[in-house]
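S.K.: The structure follows.
The values are calculated or read from the model by the stated rules, or taken from the named source; none is laboratory data. It should be emphasised that the depicted structure is a prediction, and the values quoted were computed from it without experimental measurement. Quick reminder, even Gly has a Cβ in these numbers, built from the backbone with ideal geometry, and neighbours come from all protein chains shown.
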Amino acid sequence: MKTAFICDWLTGMRGGERCLEAACELFPQADIFTLVHYSGSVSKTIESHNIYTSYIQNLPGNSKTFRRYLPFFPHAVERFDLNGYDCVLSFSHCIAKGAKVSKHAPHICYCHTPVRYAWHKRDDYLQRMSKPKQFIAGIILDHLKRWDLKTASRVTHFIANSINVKGRIKETYDRDSTVIYPPVDCDRFTISKGSEDYYLVISALVPYKKIDLAIKAFNGFSRKLLIVGNGPELSRLKDTASRNIIFIEKASDQEVGDYLQRCRALIFPGEEDFGIVPLEAQACGKAVIAFGKGGALETIKGLGTKGNPSKDSTGCFFYEPNADSLRQAVLFFEKNIDRIGTENCRQNALRFDRSIFKKSLKNHIDAAVNHTDLSVAD
């Protein structure tokens, strides 16, 4: 079966790239189409495939600045020649799902979220702009929103990465979807035997991740915070952080695992579509302190939450998107740290192991290609 994968861009190994990597293992001969690819930025598994980029790749810029060409993204993805493929699988949080696919091939979209810039995270991206820039950006996002809605009909089958996103797909596109949770490489992590005196954030540094909220919470707070990640918000965030907050711009997979092994707990301050990092922390036996909305509610068993026995807890939530609420959650965690068992955290992460993802995805693709009932694919 000749298979093509489409993804928005390849500039680093985050949650979406982990999904693509697992799919590459299932289909080692698949071709990959993406807007831009910076060599060496993703895993060897992904880079062993034929990777075809759009004309965005040849425009001036780099991995931090290519997003300024957002108005051209829909046109660029529509120019990919996908004729001759028996199956097309897109991994989309921006424009990948809008590619034009032959009518004879199923187009399965693994949807991380409908375009977040244009829909539910629009205000987060506009609020830091000047009024003139907001006006221009608003026009661009309105166009992108209309295009995104229109091109949903190009997808034959939607897969949602969480129950949270399943609801968004239904609300945005009025389409049903199957939930297949993203893969967590639990074998990459072992249960920690101890903790050091720091809390940890691992994230791309972009507005909707709410890293500024974590910084505000730890400014003037007698706890150490490590922030591992990079992105367009780096300089601004550094300028607002006090001396107890340390930025680590580059870290290998091994180094990330080491930071997780030694932290007191992971801080997860934003509302995520799903969020793999909290499960990677739990695979190390570490608790997660998270904002109580979105995908975190599906992956973390919170102390004191309704229907969750204390003995099964793997972290705790804060429910107001402000620094004081997060700070109070840290204090609550510290008072109740003995109620969160490392083995409970590990067992919870195993429910999302990458072997489960690969089996479910393969079953779903086979069912779509063979025109069998997708409801029994799992």
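S.K.: Considering each of Arg154, Arg223 in turn, give the residue that is modelled with pLDDT of 95 or more, touching a Lys or Arg at 6+ places or on another chain (Cβ under 7 Å) and either buried (at least 16 other Cβ atoms within 10 Å of the Cβ) or of a type in the set (Asp, Glu) (or both).
M.R.: Details: Arg223 fails: touching a Lys or Arg at 6+ places or on another chain (Cβ under 7 Å).
The match here is Arg154.
S.K.: Now, a different point. Among the residues of the stretch 324-366, write down those that are of a type in the set (Ser, Thr, Tyr) and either in contact with an Asp or Glu (Cβ under 7 Å, 6 or more places away or on another chain) or more than 30 Å from Cys87 (Cα to Cα) (or both).
M.R.: Going through the stretch 324-366, the residues of a type in the set (Ser, Thr, Tyr) turn out to be 325, 342, 355, 360.
Residues satisfying the conditions are Ser325, Thr342, Ser360.
S.K.: Next up: Could you tell me how many of the residues in the stretch 98-135 are in contact (Cβ under 8 Å) with a residue 40 or more places away in the chain, within 20 Å of Arg68 (Cα to Cα) and not in a loop (DSSP other than H, G, I, E, B)?
M.R.: So the answer is 3.
S.K.: I would also like to ask the following. Search the stretch 182-195 for residues being assigned to a loop (DSSP other than H, G, I, E, B) and under 15 Å from Arg14 (Cα atoms), and hand back the single one that is farthest from the chain's Cα centre (by Cα).
M.R.: Filtering the stretch 182-195 down to residues assigned to a loop (DSSP other than H, G, I, E, B) leaves 182-183, 185, 189-195.
This time we only want the ones that are under 15 Å from Arg14 (Cα atoms), so: 182-183, 185.
Working: Pro182: 9, Pro183: 11, Asp185: 15 Å.
Filtering first and then ranking leaves Asp185.
S.K.: Next up: Quickly run through the stretch 196-224 and pick out the residues that are assigned to a loop (DSSP other than H, G, I, E, B) and over 25 Å from Arg18 (Cβ atoms). Can you show your working first?
M.R.: Taking the stretch 196-224 and keeping what is assigned to a loop (DSSP other than H, G, I, E, B), we get 196-197, 203-206, 210, 219-223.
Of everything in the stretch 196-224, those that are assigned to a loop (DSSP other than H, G, I, E, B) and over 25 Å from Arg18 (Cβ atoms) turn out to be Glu196, Asp197, Asn219, Gly220, Phe221, Ser222, Arg223.
S.K.: Here's a follow-up. Of the residues Phe33, Phe91, Phe66, which is under 26 Å from Lys145 (Cα atoms) and either modelled with pLDDT under 95 or not assigned by TED's automatic domain parsing to the domain that holds Ile169 (or both)? Write out each step before concluding.
M.R.: Values: Phe33 fails: either modelled with pLDDT under 95 or not assigned by TED's automatic domain parsing to the domain that holds Ile169 (or both); Phe91 fails: either modelled with pLDDT under 95 or not assigned by TED's automatic domain parsing to the domain that holds Ile169 (or both).
Matching residue, one of Phe33, Phe91, Phe66: Phe66.
S.K.: For the stretch 104-125, give me the residue count where each residue is surrounded by fewer than 17 Cβ atoms within 10 Å (Cβ to Cβ) and either hydroxyl-bearing (Ser, Thr, Tyr) or farther than 30 Å from Lys358 by Cα (or both).
M.R.: 1
S.K.: May I pose another question? Give the stretch 309-321 a look and list any residue that's modelled with pLDDT of 95 or more and exposed (fewer than 12 other Cβ atoms within 10 Å of the Cβ), or say none.
M.R.: Result: Tyr319, single match.
S.K.: Could you look through the stretch 59-72, keep only residues that are of a type outside the set (S, T, N, Q) and without any contact (Cβ under 8 Å) to a residue 40 or more places away in the chain, and pick out the one that is surrounded by the fewest Cβ atoms within 10 Å (Cβ to Cβ)? Give the derivation first.
M.R.: Step one: filter the stretch 59-72 for residues of a type outside the set (S, T, N, Q), giving 59-61, 64, 66-72.
Filter once more, keeping what is without any contact (Cβ under 8 Å) to a residue 40 or more places away in the chain: 59-61, 68-69, 72.
Details: Leu59: 14, Pro60: 8, Gly61: 14, Arg68: 12, Tyr69: 17, Phe72: 14.
This residue is Pro60.
S.K.: Could you list, in sequence order, the residues of the stretch 192-205 that are surrounded by 19 or more Cβ atoms within 10 Å (Cβ to Cβ) and under 21 Å from Ser41 (Cα atoms)?
M.R.: Val201, Ile202, Ser203, Leu205
S.K.: Could you tell me which residue of the stretch 220-264 is farthest from the chain's Cα centre (by Cα), considering only residues that are of a type in the set (A, V, I, L, M, F, W, C) and closer than 30 Å to Cys111 by Cβ? Steps first, answer last, please.
M.R.: Going through the stretch 220-264, the residues of a type in the set (A, V, I, L, M, F, W, C) turn out to be 221, 225-228, 234, 237, 241, 245-248, 251, 256, 260, 263.
Those still in the list that are closer than 30 Å to Cys111 by Cβ too: 227-228, 234, 237, 251, 256, 260.
Values: Ile227: 17, Val228: 15, Leu234: 18, Leu237: 20, Ala251: 18, Val256: 16, Leu260: 18 Å.
The residue in question is Leu237.
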